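Quick notes on the structure that follows.
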Amino acid sequence: MEQTLKAEGHPKGLYLLFATEMWERFSYYGMRAVLVLFLTKAMLMDKAFASKFYGGYTSLIYLTPLIGGYISDRYWGNRRSILVGGILMAVGQFILFAAGSAYGTPLGQGLLYLGLGGMIIGNGFFKPNISSMVGTLYTSTDKRRDAAYTIFYMGINLGSFIGNTITSLIGDTGRPEDFRWAFLACGIAMVLGTGLFQWGKNKYLHTPEGEQVGNTPISSPGVKGVFAILPVMLALALGFLWLDTTTLPVIMPLLILSALGIAALILLDKSLTAGDRQRVYVIFTVAFFVVFFWAAFEQAPASLTFFADEQMDRTIFNYTLPASIFQNLNAFFIVTCAPLMALLWTALGKRGQEPPSPMKMAIGLALLALGYLVMCFGVNDLQPGVKVSMFFLVGLYFLHSIGELCLSPIGLSLVNKLAPLKFSSLLMAVWFLANAAANYLAGFMSSLYPEAGKPAPQLFGYEITDLYSFFMVFVFAGAVASLILFLVNRKLVKMMNAPA
Ligand code: GLN
């Protein structure tokens, strides 16, 4: 990552993808930042239901890229997929704007589902394709590739920061009718991002030799017929979301079955060598631990926002900050700390002390647990009516962001590096599935947020009586996961380096 600071002469296409993804993340994170507050304050859902709804929505957001990635590889190519995805997401946001204008009515309710459905399907086409296009601008041996992805990660977080700030200020005002302005801003951001991509794609998206990238694959059996799958995907996504939140938890079994199916497909392949197989096991193991990280981390737009809204003193210089704005501390710390972390790894590397990837990920999990421990200090012995200082939440977001830098980019590049070429996309799908499961669990965990006057939620017999016992669950889960990963680190490193 040190190269990022020094890198010069990246292709202009990288900056086109950077800006496109920046606007898209503005839209995704901007909307998500105010979603649970919109659900509880305008749509009048209770916190537990809104949490599960949030978890169902975000897990489907990570599930559809499996389909979007496949369709792009076989039929559409990256460019068409990004365009279709971008349009669907923009339409989804505008429908949410309409839902926000009709909140409190059955029409508003229907529009809410439809808008989120547009986002789920659109993201499935947009996100995997924009990410993989970054790599296509370079030759496979180009040393600037890693730096390119780091710059791209900056674009993601810059977009998230700007989007979250704007939607919090214009949407989370305390007046339920204002949430719609957040969705409108996100729709406009999506139009800007997609428009920019359309404008620049022919000029800037090519290989170093000048060959256009991301066009329809030569072997594509057809383009138009695939559009028929969109309404089917929409119906399925909305069906799953509705069923899962109201009657029967269907999403988690679906995710587990998908993961088992992919595992069987890969491990039954006879052409894999024993070494390949060892590396595939490492990817699955690491993906499993990543679930714990994101499930706790993604409390940010859910239980941690409920906490900021109700239990935290948000006044600064006589101005009360919106509860949802605190989430953007994550993007802020990522953008400011990523270069420092890169310097740290390089400095350690020079002394031969850079930790191996699984160890870095274990450190990430430990920081996650530490973040929640800070919160436990803040809420310990909290007297009724007393509000907690925002210092504790700022501390949590700082620790979580450093943890993210230890775990997320490192895990991603580990998957890229270890996956046998033949299964690189499928193993990327495993990474997305881990995120989907984690987001689902994040919603479930947030639904256990304790509320005064309601019976204490239970988790495997453990009673969550107050905020202290709630945050303690994450301290415990993060610490145990971190410890196990520390212990198996050496074994994993051996398996990663197993001879072919
Ligand atoms: N914040 C990053 C992004 O939006 C990574 C998120 C994740 O992997 N859960 O792309």
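The values are calculated or read from the model by the stated rules, or taken from the named source; none is laboratory data. Quantities reported herein were computed from a predicted structural model and do not represent experimental measurements. Glycine also receives a Cβ, built like all others from the backbone with ideal geometry; neighbour counts cover every protein chain displayed. Heads up: the accessible areas ignore ligands, DNA and RNA and are worked out on the full protein's heavy atoms, side chains in. Shrake-Rupley method; radii C 1.70, N 1.55, O 1.52, S 1.80 Å.
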Problem - Failed condition for Val480, given (1) hydrophobic (A, V, I, L, M, F, W, C); (2) more than 16 Å from the ligand (Cβ to nearest atom); (3) crowded, with 20+ Cβ neighbours inside 10 Å - result: (3)
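Kindly provide the set of residues from region 102-116 that are of a type in the set (Gly, Ala, Ser) and either more than 19 Å from Trp181 (Cβ to Cβ) or open to solvent by 60 Å² or more (accessible area, probe 1.4 Å) (or both), ordered by number.
Gly104, Gly110
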Exercise for the section: Report yes if some residue within region 427-438 is away from the ligand (no atom under 14 Å from the Cβ) and touching a helix residue (DSSP H, G or I) at 6+ places or on another chain (Cβ under 9 Å); otherwise report no. Expected result: yes
Exercise for the section: Could you check, for region 426-441, whether at least one of its residues is open to solvent by less than 10 Å² (accessible area, probe 1.4 Å), of a type outside the set (Lys, Arg) and farther than 17 Å from Trp294 by Cβ? Expected result: yes
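Look at region 115-138 and say how many of its residues are under 21 Å from the mean Cα position of the chain (by Cα) and more than 16 Å from the ligand (Cβ to nearest atom). It would help to see each step written out before you state the result.
Here is the first cut: in region 115-138, the residues under 21 Å from the mean Cα position of the chain (by Cα) are 115-135.
Of the ones still in play, those that are also more than 16 Å from the ligand (Cβ to nearest atom) are 115-118, 121.
Going through region 115-138 one residue at a time, the tally reaches 5.
Can you name the residue in region 270-295 that is in a helix (DSSP H, G or I) and open to solvent by 40 Å² or more (accessible area, probe 1.4 Å) and is also nearest to the ligand (Cβ to nearest atom) among such residues?
Going through region 270-295, the residues in a helix (DSSP H, G or I) turn out to be 274-295.
Next cut, open to solvent by 40 Å² or more (accessible area, probe 1.4 Å) only: 274, 277-278, 281, 284-285, 288, 292.
Details: Ala274: 30, Arg277: 26, Gln278: 25, Tyr281: 21, Phe284: 17, Thr285: 18, Phe288: 15, Phe292: 13 Å.
Checked region 270-295; the qualifying residue nearest to the ligand (Cβ to nearest atom) is Phe292.
Tally the residues that are touching a Phe, Trp or Tyr at 6+ places or on another chain (Cβ under 9 Å) and surrounded by 11 or more Cβ atoms within 10 Å (Cβ to Cβ), restricting the search to region 206-229.
At the first step, the residues of region 206-229 found to be touching a Phe, Trp or Tyr at 6+ places or on another chain (Cβ under 9 Å) are 207-208, 216-217, 220-223, 225-226.
Retained after the next criterion (residues that are surrounded by 11 or more Cβ atoms within 10 Å (Cβ to Cβ)): 207, 216-217, 220, 223, 226.
Of the residues in that region, 6 qualify.
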Completion exercise
Only unsatisfied item for Asp178, checking (1) open to solvent by 30 Å² or more (accessible area, probe 1.4 Å); (2) touching a helix residue (DSSP H, G or I) at 6+ places or on another chain (Cβ under 6 Å); (3) free of Cβ contacts under 8 Å to residues at least 12 places away in the same chain, is (1)
Problem - Hits in region 379-391 - residues which are within 27 Å of the chain's Cα centre (by Cα) and open to solvent by less than 50 Å² (accessible area, probe 1.4 Å) - result: Met390
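Does Ala369 qualify as being in a loop (DSSP other than H, G, I, E, B), in contact (Cβ under 8 Å) with a residue 40 or more places away in the chain, small (Gly, Ala, Ser) and away from the ligand (no atom under 16 Å from the Cβ)?
no
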Exercise for the section: Quick one: count up the residues across region 139-163 that are more than 12 Å from the ligand (Cβ to nearest atom) and open to solvent by less than 10 Å² (accessible area, probe 1.4 Å). Expected result: 2
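Just one of Ile71, Ile67 is touching a residue at least 24 places away in the same chain (Cβ under 8 Å) and either open to solvent by less than 10 Å² (accessible area, probe 1.4 Å) or within 16 Å of the ligand (Cβ to nearest atom) (or both); which is it?
Values: Ile67 fails: either open to solvent by less than 10 Å² (accessible area, probe 1.4 Å) or within 16 Å of the ligand (Cβ to nearest atom) (or both).
Of Ile71, Ile67, the one residue that is touching a residue at least 24 places away in the same chain (Cβ under 8 Å) and either open to solvent by less than 10 Å² (accessible area, probe 1.4 Å) or within 16 Å of the ligand (Cβ to nearest atom) (or both) is Ile71.
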